[in-house]
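Input: a single structure, listed below in structure tokens.
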There are 2 protein chains.
Amino acid sequence: MDSGVSDAMARPAHEDVRAAARRIAPWVQRTPVLRSSGLDRLAGAELFFKCENLQRVGAFKFRGASNAVLSLDAARAARGVVTQSSGNHGAALALAARLRGIPCHVVVPRNAPAVKLEAIRAFGAAITPCEPNMAARNAACAELQSRTGAELVHPFDDARVIAGQGTATLELLEQAGALDAIVAPVGGGGLLSGTALAAHGIDPRVDIVGAEPEQARDAHDSLATGVRIVDRVPETICDGLRGHLGVLGFDILRAHRAAVLLASEAAIVAAMRLVFERLKVVIEPSAAVPLAVVLGQPARFAGKRVGIVLSGGNVDLGALPWQGGAR
Amino acid sequence: MDSGVSDAMARPAHEDVRAAARRIAPWVQRTPVLRSSGLDRLAGAELFFKCENLQRVGAFKFRGASNAVLSLDAARAARGVVTQSSGNHGAALALAARLRGIPCHVVVPRNAPAVKLEAIRAFGAAITPCEPNMAARNAACAELQSRTGAELVHPFDDARVIAGQGTATLELLEQAGALDAIVAPVGGGGLLSGTALAAHGIDPRVDIVGAEPEQARDAHDSLATGVRIVDRVPETICDGLRGHLGVLGFDILRAHRAAVLLASEAAIVAAMRLVFERLKVVIEPSAAVPLAVVLGQPARFAGKRVGIVLSGGNVDLGALPWQGGAR
């Protein structure tokens, strides 16, 4: 077995991303990179879209969850895994656990949408409902851990998860060749910090850019002030980006001098529709933020080769945000 | 230069598909093949989705148009190309002509949607409006041909176009390995007959299945009766499948013993939404008919390896058919 990151809160390195890529190769899709000459003209740049919306479970989250599950030795794995999530990470961990044949517990707030519960349950995880606040979620997770001995796999503040998310960027650089910048959404920071680790181990000059909704700008403000903000309640259409930057992500993004650019809700919806129309792929709002910031700051990206991570495609197709009154 | 099909109405062969693949390789996308374990379970079969919705211009039509344009010798090419189309073929021919640097004329009925006109015009073609009936369209085409000397490139009743459409299946068989059946939409028959030529030159046992809306079942009835039907006015959500089977397509599909299976409008809309939800790609209604027929006849495909051609992704995102009242 590969030597992996054994401590979930040790800061991962480029080699951990490489090890994760080897470890999860049998489970993950090597997702395609799409291009559009029309979008290139619109942006004044060469755009390479890494389609993690076509990943299993419909999101990059399956990479990190798989790496965490496959990093466990047999004895720890047998006791199962536990997490808290009302979104893609819960489903991703459930599928990874099912593929390894181990138990999975997901703590889900009582107000989570039924459709998300269904996805988690469909992969065979046990769901523990809790009150919709962070204290209750943490308490429920801790209780499950102590009762079952299951391993906690945090959605983003976990070195194994971060290393796994970085594997999308290893593939992107193989597929697209050298890039000047890579833009990924930033919520908890797992994807963006994995992106930085992966890219800078290959080319330290790549500009690492987080894309964040203006209405959920905690990562932007945390990096600008040097103080990690954890006490806001953001309101944004991007349900995947409402969390706060984690401890590990904050640390890694500062070390890698990542920038964070902001986009309005209207710009995010417009970018989302452009991706549907021009690339013919389905994305969720969070995945549209990178294109929104690239189109919003043309001078910064003019003439450059820019990778964009389309992070996920799990969206309610009956209520797409450009349908009047749906939101 | 490859020896190509010189006569547009000579019946093409497998080798013409091979030649087309070599000819158009620099212009076309090698589109990905997507899979979904959820859709496999639903179908009780192994499904391989060839994503021609991710082709340039958003449809397989770019393959046939490119092959026709690249098959012209320099003198004929210099006089340009002409076609009649209110849909994807017009935009595809316009782009192919622009890439070769030759004139392109597209005859478009006056009632064609503005958005389709825009796509054709954006690629630099000259648009000739005409009355919305077949006699007026043919007359306008003939007048343009005689005035300009431009080469007619029919949307489907053209050997060069049929050979080009078949190249999607060459790729599919390389990507997926051996298949028991390949299912493609059938309208004019260009795609399905190219599919038959491509597949049977590699493995004569592949079951070639056309997928057609019940409300536009002329190909089904033509093959069943042996008489090509050309006088119906079908009403279906599948705007790409309202035409009648061409002379060449009818001939090829009979020789290759192609089957045609039918799907209701409701089944087509349900299959379209399933593709959005599970595969995370955008398709137009015509492209959903193959999945609709596979899910509608589970016994026929049980346990088999089935290729499905997702033929295009050009759809009005503001009026998706599962949005109540939009159609």
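The values are calculated or read from the model by the stated rules, or taken from the named source; none is laboratory data. None of the values given here were measured: they were computed from a predicted structure. FYI the Cβ positions are ideal-geometry reconstructions off the backbone, even for glycines, and counts take in every protein chain you see. For accessibility, only protein heavy atoms count, side chains too; no ligands or nucleic acids. Shrake-Rupley method; radii C 1.70, N 1.55, O 1.52, S 1.80 Å.
A few points about this structure:
- Evaluating B:Val17 against the criteria (1) closer than 22 Å to B:Ile202 by Cα; (2) free of Cβ contacts under 8 Å to residues at least 40 places away in the same chain; (3) buried (at least 19 other Cβ atoms within 10 Å of the Cβ) leaves one unmet condition, (2).
- The listed residues are B:Arg79, B:Arg100, and the only one of them that is more than 22 Å from B:Val28 (Cβ to Cβ) and open to solvent by 40 Å² or more (accessible area, probe 1.4 Å) turns out to be B:Arg79.
- Within the span defined as segment B:59-74, one or more residues are within 14 Å of chain A (Cβ to nearest Cβ), open to solvent by less than 30 Å² (accessible area, probe 1.4 Å) and closer than 20 Å to A:Leu54 by Cβ.
- Residue match in segment A:60-67 (condition: within 21 Å of the chain's Cα centre (by Cα), among the hydroxyl-bearing types (Ser, Thr, Tyr), at pLDDT 95 or above and outside any loop (DSSP other than H, G, I, E, B)): yes
- Helices (runs of 4 or more DSSP H) fully within segment B:84-151 counting 2 or more residues that are modelled with pLDDT of 95 or more and within 22 Å of the chain's Cα centre (by Cα): B:88-100
- Of residues in segment A:16-34 being within 14 Å of chain B (Cβ to nearest Cβ) and not in a loop (DSSP other than H, G, I, E, B), the one nearest to A:Gln165 (Cα to Cα): A:Val33
- Residues of segment B:137-177 satisfying the condition of being without any contact (Cβ under 8 Å) to a residue 24 or more places away in the chain and over 30 Å from B:Val206 (Cα atoms): B:Ala139, B:Ala142, B:Glu143, B:Ser146, B:Arg147
- Residues located in segment A:205-226, provided they are among the small types (Gly, Ala, Ser) and open to solvent by less than 50 Å² (accessible area, probe 1.4 Å): A:Gly210, A:Ala211, A:Ala216, A:Ala219, A:Ser222, A:Gly226
- The number of residues in segment B:243-258 that are open to solvent by 20 Å² or more (accessible area, probe 1.4 Å) and either within 14 Å of chain A (Cβ to nearest Cβ) or modelled with pLDDT of 95 or more (or both) comes to 7.
- Test: A:Arg278 is among the basic types (Lys, Arg) and more than 12 Å from chain B (Cβ to nearest Cβ): no
Each row is one residue, and each column tells you yes or no for (1) open to solvent by less than 40 Å² (accessible area, probe 1.4 Å); (2) of a type outside the set (A, V, I, L, M, F, W, C).
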site: B:Asn133; (1), (2): no, yes
site: B:Leu144; (1), (2): yes, no
site: B:Arg147; (1), (2): no, yes
site: B:Phe156; (1), (2): no, no
site: B:Val161; (1), (2): yes, no
site: B:Thr167; (1), (2): yes, yes
site: B:Ala196; (1), (2): yes, no
site: B:Asp203; (1), (2): yes, yes
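- Selection from segment A:283-297 of residues that are within 13 Å of chain B (Cβ to nearest Cβ) and over 19 Å from A:Phe48 (Cβ atoms): A:Glu284
- Meets criteria (in contact with a helix residue (DSSP H, G or I) (Cβ under 8 Å, 6 or more places away or on another chain), more than 14 Å from chain A (Cβ to nearest Cβ) and polar (S, T, N, Q)) for B:Ser264: yes
- Within segment B:35-57, the set of residues being facing chain A (nearest Cβ under 10 Å) and in a loop (DSSP other than H, G, I, E, B) comprises B:Arg35, B:Ser36, B:Gln55.
- The residues of segment B:103-126 that are open to solvent by 40 Å² or more (accessible area, probe 1.4 Å) and among the β-branched types (Val, Ile, Thr) amount to a single one, B:Val115.
- Matching residues in segment B:276-317 - criterion: being open to solvent by 40 Å² or more (accessible area, probe 1.4 Å) and part of a helix (DSSP H, G or I): B:Glu277, B:Arg278, B:Leu295, B:Gly296, B:Pro298, B:Ala299, B:Arg300
- Which numbered condition A:Ile237 misses (of (1) away from chain B (no Cβ under 14 Å); (2) free of Cβ contacts under 8 Å to residues at least 60 places away in the same chain; (3) touching a Pro at 6+ places or on another chain (Cβ under 8 Å); (4) of a type in the set (A, V, I, L, M, F, W, C)): (2)
- Unmet requirement for B:Arg11, which otherwise passes all of (1) at pLDDT 95 or above; (2) surrounded by 16 or more Cβ atoms within 10 Å (Cβ to Cβ): (1)
- Of the residues making up segment B:99-156, those that are within 19 Å of B:Arg242 (Cα to Cα) and basic (Lys, Arg) are B:Arg110, B:Lys116, B:Arg137.
- For the criterion of being more than 14 Å from every other protein chain (Cβ to nearest Cβ) and open to solvent by 10 Å² or more (accessible area, probe 1.4 Å), A:Arg273 fails.
- Looking across segment B:23-53, the residues that are under 23 Å from the mean Cα position of the chain (by Cα) and open to solvent by less than 10 Å² (accessible area, probe 1.4 Å) come down to B:Ile24, B:Thr31, B:Leu47, B:Phe49, B:Lys50, B:Cys51, B:Glu52, B:Asn53.
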